[in-house]
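*Asks:* Would you mind keeping the following structure in view while I ask a few things?
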Amino acid sequence: MRKKAIILGIETSCDETAAAVIEESSNDTPNILSNIVSSQIDVHKKFGGVVPELAARSHIEKISLIVENAIKKSGKKIDDIDAIAATAGPGLIVCLSVGLNFAKAVASSLKKPFIAINHLEGHALSPKLIKKLTYPYLLLLISGGHSQYLAVKGLGKYKRLGTTIDDALGEAFDKTAKLLGIEFPGGPFLEKFAEKGNHNRFLLPEPIINKGGCNLSFAGLKTAVLKISKTIKTNQDKYDLAASFQKTIENILNKKTKIAFQEFKNISSKKKNSFVIAGGVAANQRIRNNLTKLAIEEKFDPVFPPQDLCGDNAAMIGFAGLERFKISKFNKLNFPAKPRWPLDKKATFLKGAGVKL
Ligand code: KG4
Ligand code: ZN
């Protein structure tokens, strides 16, 4: 019998330095032998957002220790590793280059295959780390840099159904949080604020809610929050604004997800479809509860990665690497870092002024 493949995954696309060792298994899901994530929150906190130069410097300082620890913790030896997979995009180029070059150097010195991973594919496949899922499935990817509905038709086969035309959802959470005086990254804390507030207090806009299919827009919402934030005084006002923001997001996602369900049903011939919600914002408990309820009502099977695999991590990169390793999809060592790398290459670029929906 063939040896079970072991993949080292490396992720440095933004502000997390991460490494993981993933082993193929005869069960439905792989074994996560180690999964180490070192966050740079403290480095960026005082700037209210990720500073690319500082992020890259921090990756450089930590990468070899994190990789060494991931291998040590996996209980395997470096020679047991069959391939090295690293995020090659999308992301901050100075950050991507650190993990990518490190991975290439390890692959080259071990004479093992190198696999370039699309970070978004990592998120898209992440629920498969813990649950058997068959293609096609509908994916809502909501992170700090992306907000998209995608039909996942197979490994490397994606059809984008909808995307944000301006801010990503995580970005909208972080910017709103900043206006409420919450430290970066505000998303998780904004959720806590919202729990203490009255969501009916402020009426916020729901941009492009009745047009543009399941495309999304959050910029107008942020502008409305900015205006109101200048008038509020007490902590309770802040909690109410956070709750109103969170409620508006829930309404938008409800409406747009229903449209995505209809569009996906035209693609899939399955009787029961899965709806995967992945990316950092999928850690939000209220969003999880709401989308779970909606999916069940609409006869979809809701699937969330566990909270620790929602945010950026290298287990998902190692796993995407494993799936590619199994079909010998390797990359050359001159594979470039790609700041922009859409999963659906045929989809029209929909960001910026003048976008027509
Ligand atoms: O997937 P991720 O870790 O990194 C990117 O690829 O962008 O997502 C990070 C984003 C941040 O904007 C963060 O504020 C948001 O996910 N986030 C949340 C929550 N936890 C993380 N947003 C809302 N509620 C949460 N509980
Ligand atoms: Zn991510």
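*Asks:* LEU253 - would you say it is in a loop (DSSP other than H, G, I, E, B) and of a type in the set (A, V, I, L, M)?
*Replies:* No; evaluated as a whole, the condition is false for this residue.
*Asks:* Give the number of residues within segment 1-60 that are among the acidic types (Asp, Glu) and within 16 Å of ligand 1 (Cβ to nearest atom).
*Replies:* Final tally of qualifying residues: 4.
*Asks:* Name the residue, out of ILE78, ILE71, that is crowded, with 19+ Cβ neighbours inside 10 Å and more than 16 Å from ligand 2 (Cβ to nearest atom).
*Replies:* Step by step, each of ILE78, ILE71 is checked, and only ILE71 is crowded, with 19+ Cβ neighbours inside 10 Å and more than 16 Å from ligand 2 (Cβ to nearest atom).
*Asks:* Which pairs do you get when a residue that is free of Cβ contacts under 8 Å to residues at least 24 places away in the same chain and part of a helix (DSSP H, G or I), found in segment 104-121, comes within reach of a residue that is within 16 Å of ligand 1 (Cβ to nearest atom) and open to solvent by 10 Å² or more (accessible area, probe 1.4 Å), reach meaning Cβ atoms under 6 angstrom, with the pair 6+ apart or on two chains?
*Replies:* none
*Asks:* Something else: Which condition does LYS271 not pass, out of (1) open to solvent by less than 60 Å² (accessible area, probe 1.4 Å); (2) assigned to a loop (DSSP other than H, G, I, E, B), if it passes all the others?
*Replies:* Every listed condition holds for LYS271 apart from (1).
*Asks:* Within segment 293-328, how many residues turn out to be open to solvent by 20 Å² or more (accessible area, probe 1.4 Å), in a helix (DSSP H, G or I), more than 16 Å from ligand 2 (Cβ to nearest atom) and in contact (Cβ under 8 Å) with a residue 12 or more places away in the chain?
*Replies:* Our first condition is that a residue be open to solvent by 20 Å² or more (accessible area, probe 1.4 Å); within segment 293-328, this holds for 293, 296-299, 301-302, 304, 306-308, 311-312, 323-328.
Restricting the remaining residues to those that are in a helix (DSSP H, G or I) gives 293, 296-297, 307-308, 323-326.
Then keep just the ones that are more than 16 Å from ligand 2 (Cβ to nearest atom); that gives 293, 296-297, 323-326.
Still in the running and in contact (Cβ under 8 Å) with a residue 12 or more places away in the chain: 323-326.
Residues in segment 293-328 being open to solvent by 20 Å² or more (accessible area, probe 1.4 Å), in a helix (DSSP H, G or I), more than 16 Å from ligand 2 (Cβ to nearest atom) and in contact (Cβ under 8 Å) with a residue 12 or more places away in the chain: 4 in total.
*Asks:* Then there's this: Step by step: first the residues of segment 157-180, then only those that are farther than 20 Å from PRO205 by Cβ and crowded, with 22+ Cβ neighbours inside 10 Å, then the one that is nearest to ligand 1 (Cβ to nearest atom). Which residue is that? Break it down stepwise before answering.
*Replies:* We begin by selecting, within segment 157-180, every residue farther than 20 Å from PRO205 by Cβ; these are 157-161.
Keeping just the survivors that are crowded, with 22+ Cβ neighbours inside 10 Å gives 158, 161.
On the way: TYR158: 16, LEU161: 20 Å.
That would be TYR158.
*Asks:* Here is a list: ALA347, ALA315. Which entry is of a type outside the set (Lys, Arg) and within 16 Å of ligand 1 (Cβ to nearest atom)?
*Replies:* ALA315
*Asks:* Between VAL98, VAL106, which is farther than 16 Å from LEU322 by Cα, touching a Ser or Thr at 6+ places or on another chain (Cβ under 6 Å), open to solvent by 10 Å² or more (accessible area, probe 1.4 Å) and among the β-branched types (Val, Ile, Thr)?
*Replies:* The conditions single out VAL98.
*Asks:* For segment 232-249, does any single residue satisfy the condition of being farther than 16 Å from PHE193 by Cβ and surrounded by fewer than 14 Cβ atoms within 10 Å (Cβ to Cβ)?
*Replies:* Within segment 232-249, not a single residue is farther than 16 Å from PHE193 by Cβ and surrounded by fewer than 14 Cβ atoms within 10 Å (Cβ to Cβ).
*Asks:* Residues being at pLDDT 95 or above, open to solvent by less than 30 Å² (accessible area, probe 1.4 Å) and in a loop (DSSP other than H, G, I, E, B): count how many of those fall in segment 181-206.
*Replies:* Qualifying residue count, segment 181-206: 2.
The values are calculated or read from the model by the stated rules, or taken from the named source; none is laboratory data. All of these numbers come straight from a predicted model, not from anything done at the bench. Positions of Cβ are generated from backbone atoms using ideal geometry, with glycine treated the same way; all protein chains shown enter the neighbour counts. Keep in mind that these areas ignore ligands, DNA and RNA; they rest on the heavy atoms of the full protein, side chains included. Shrake-Rupley method; radii C 1.70, N 1.55, O 1.52, S 1.80 Å.
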